[in-house]
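Data block below; observations after.
The values are calculated or read from the model by the stated rules, or taken from the named source; none is laboratory data. Just so we're clear, the structure is a prediction, and the values are computed from it rather than from any experiment. Glycine gets a Cβ as well: all are built from the backbone with ideal geometry, and neighbour counts include every protein chain shown.
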Amino acid sequence: MAMKTPMTRKAALSAAALAVLGSLLAGCSAGSETAQPSPSPSTSAAKVTSENLGKALDRLVFQGTGAKSADGGACLVRAVEDKKLSDAAQAYIVGKGSDDIAAVANGLREVSAMDAAIMLSPELRDKFDACVDAVIPPTPAPFATTSKDGKDGKDQVYVPPKQGQELPQARQPDLTPKFPVPQGASINSSSQLTAGLVSTFSSYALNEDQKKTYAASGACLAGVVFQAGFSQETLRFLAGGAPIGTGSISDFLPKDEDKKIWKSKDFTSALVDCTASAKV
């Protein structure tokens, strides 16, 4: 999942990045659960209004950050309708009123496995990305999806600051390993990667809930990484758990071949699945 950062596209999706991040990453994030009690999966399939669905999707995609779509969520509504999310699933999203994409996807599995798959699909995340980009310029995240033409991410548009507005300080990556791995040591099992991946992914988290999600999905993330075919050099780097905290992890991998693996859709989708199914 090219996982998307602080209300950047990672926070918005984590999920997709949702991830998710995955979630998220997004993304990939757990989000703060201040929503109404979850409705029964037997929620009526009656068609909800576009206005109510737009508000619910704004909350879900922007994850309670205070950001909102300029069009009242109309772009997000078109996205779920274009991907044929059922009326029952749309009603479930409105009824739940959550800012936790992972929880919504898990709940949708009881409504319809097909709707849950659509909710976690790279295609819907791409559509959500486009809607988010209209409000918040895209920024890199722990893992990022690739565009259909094979290029990474989307073009960023520079908007000059208003007069008197201070420029934000760019965060610098921290590549100091938290768990130093001796040069030449072999990574022979996924368990050797778990602590390092949790450390690195957590450095991108917006809050404690997201850190808990990464911790809960650590073993799954490590299994995906270990089976992906990375070089020992890259595995040692990942096992080190550097608190990078900015950019995409792929930017800092030592080999171009490994960067390609990290950016592949199969790999990022597997990372999203880990965070989406984490039991926090």
Filter segment 180-193 down to the residues that are more than 11 Å from Phe237 (Cβ to Cβ) and of a type in the set (A, V, I, L, M, F, W, C) and list them by number. Ala185
Given (1) at pLDDT below 75; (2) out of contact with any Ser or Thr (no Cβ under 7 Å at 6 or more places or on another chain), Gly73 misses just (1)
Counted residues, segment 211-245 - those being of a type in the set (S, T, N, Q) and surrounded by 19 or more Cβ atoms within 10 Å (Cβ to Cβ): 3
Of all residues being acidic (Asp, Glu) and surrounded by 19 or more Cβ atoms within 10 Å (Cβ to Cβ) in segment 79-125, which is farthest from Thr49 (Cα to Cα)? Just the residue, please. Asp100
Which fully enclosed helices (runs of 4 or more DSSP H) of segment 54-112 have 1 or more residues being touching a Leu at 6+ places or on another chain (Cβ under 6 Å) and over 17 Å from Asp129 (Cα atoms)? 87-96, 101-111
Identify, please: which residue in segment 126-146 is farther than 25 Å from Ile261 by Cβ and modelled with pLDDT under 80 and is, among those, surrounded by the most Cβ atoms within 10 Å (Cβ to Cβ)? Val132
